[in-house]
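Chemist: Here it is, the structure, as structure tokens.
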Amino acid sequence: IAEYETVIGLLGSSGLGSIAEVLVPAQLLMVERGPEALNEVCAVARDSGVSVLVASGAPGEIDAMIAVVQRQRAIGREVGIGLQSLLRRTERDCAGVAGRVRLSKTCSGPVLTDAGRFGHDIEVDKSYVRCAKALLARGDEVWPLFATHDPRLVEIVQALAVRYGRGTGQYEFAMYLGRAEHLQQRLVDSGESVRVCVPFGPEWFGRLVGG
């Protein structure tokens, strides 16, 4: 928690607060005094002018994550939420949550299928498209942020944005630093908003070079 607060403070003092968004894993809510700790992090972020987004891919964490984000929004903090198309419930969640919503996939090859998760990449991709439709169809209620390096999904999202009357600048793409750089530049050159994600924490290297 102290490391998050330090990074957020540095982003604010460096003048990067207005373009920065810090992703906090929902696992924080599962530890002792987790919601209180998240409240502290969000307070520091507000004072530093930095956005916070809480994300999870674990079915057992989603309800608690949505509830705590709603509480933060109720007291005037624009905290976003990150959802994964890997989960079967995500399409329904995309139709109900509001504010900043970051949609990612998180699946590579077959996984152990259970009642809460899709088991293959193609199922996760199809879920991603359905979730994108649900987000783009909701107008000003939602600011969608599409996290993917898949050129095919990027093209589908762009086509859906046109279908639902979303112009460039009314949604974002998100990609990791150093990955799909040509795609990132092409999107920027065409007027799209692209958020570049910089991995932070003990698993930073895998995030940076992963597929």
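The values are calculated or read from the model by the stated rules, or taken from the named source; none is laboratory data. As the structure is a prediction and not an experimental result, all values here were calculated from the model. Here the Cβ is made from the backbone with ideal geometry for all residues, glycine too, and neighbour counts use every protein chain on show. All accessible areas refer to the heavy atoms of the entire protein, side chains included, with ligands and DNA or RNA removed. Shrake-Rupley method; radii C 1.70, N 1.55, O 1.52, S 1.80 Å.
Chemist: Ranked highest first by the average count of other Cβ atoms within 10 Å around their residues, in what order do 85-91, 14-20, 199-205 fall? Write out the running numbers ahead of the final one.
Modeler: Values: 85-91: 20.6, 14-20: 13.6, 199-205: 10.9.
Sorting 85-91, 14-20, 199-205 by mean packing, highest first, produces 85-91, 14-20, 199-205.
Chemist: Once you list every other residue whose beta carbon is under 13 Å from the beta carbon of ASP47, what net charge do they have if Lys and Arg are +1 and Asp and Glu are -1?
Modeler: Details: positive: ARG46, ARG77; negative: GLU5, GLU40.
Every neighbour counted, the sum reads 0.
Chemist: Along the charge dipole of the chain, pointing to its positive end and built from +1/-1 on Cβ of Lys, Arg, Asp and Glu, which listed residue (SER13, LEU28, HIS182) has its Cα farthest out?
Modeler: Result: HIS182.
Chemist: Specify the residue with the greatest mean-square fluctuation among HIS182, HIS120, HIS149, computed from a Gaussian network of the chain linking alpha-carbon atoms under 10 Å apart.
Modeler: HIS182
Chemist: With n ≥ 4 as the cut-off for DSSP H runs, can you work out [θ] at 222 nm for the chain, using -39500 (n - 2.57) per run divided by the number of residues, rounded to the nearest 500?
Modeler: Numbers: 8 runs with 92 residues, N = 211.
After summing the helix terms and dividing by the residues of the chain, the value is -13500 deg cm²/dmol.
Chemist: Can I ask one more? What number comes out for accessible area per residue over the range 77-196 if the probe is 1.4 Å? Units Å², please.
Modeler: Values: 5580 Å² over 120 residues.
Value for the range 77-196: 47 Å² per residue.
Chemist: Same structure, new question: Quick one: Cα centre-to-centre distance for the range 2-47 and the range 149-211, in angstrom?
Modeler: 23 Å
Chemist: For the chain, give the share of DSSP beta bridges that are antiparallel, in percent and rounded to the nearest 5; count only bridges with both residues there.
Modeler: Details: 1 of 25 bridges.
Taking every DSSP beta bridge with both residues in the chain, the antiparallel ones total about 5 percent.
Chemist: Using a 1.4 angstrom probe on heavy atoms only, work out the carbon and sulfur share of the accessible area of the chain in %. Please report the intermediate quantities before stating the final value.
Modeler: Values: 5920 of 10660 Å².
About 56 percent, which is the carbon plus sulfur part of the accessible surface.
Chemist: Right, something else. Just to confirm a number: summing +1 for Lys and Arg and -1 for Asp and Glu over residues other than PHE200 whose beta-carbon lies under 14 angstrom from that of PHE200, what do you get?
Modeler: Working: positive: ARG207; negative: GLU3, GLU5, GLU21, GLU203.
Net of charged neighbours comes to -3.
Chemist: First check a/c for the range 70-171, with a ≥ b ≥ c the square roots of the eigenvalues of its C-alpha gyration tensor; if it is under 1.5, answer rounded, and if not, answer prolate when a/b is larger than b/c or oblate otherwise. Kindly include the intermediate steps, with their values, before the conclusion.
Modeler: Values: a/c = 2.18, a/b = 1.27, b/c = 1.73.
Here the range 70-171 falls in the oblate category.
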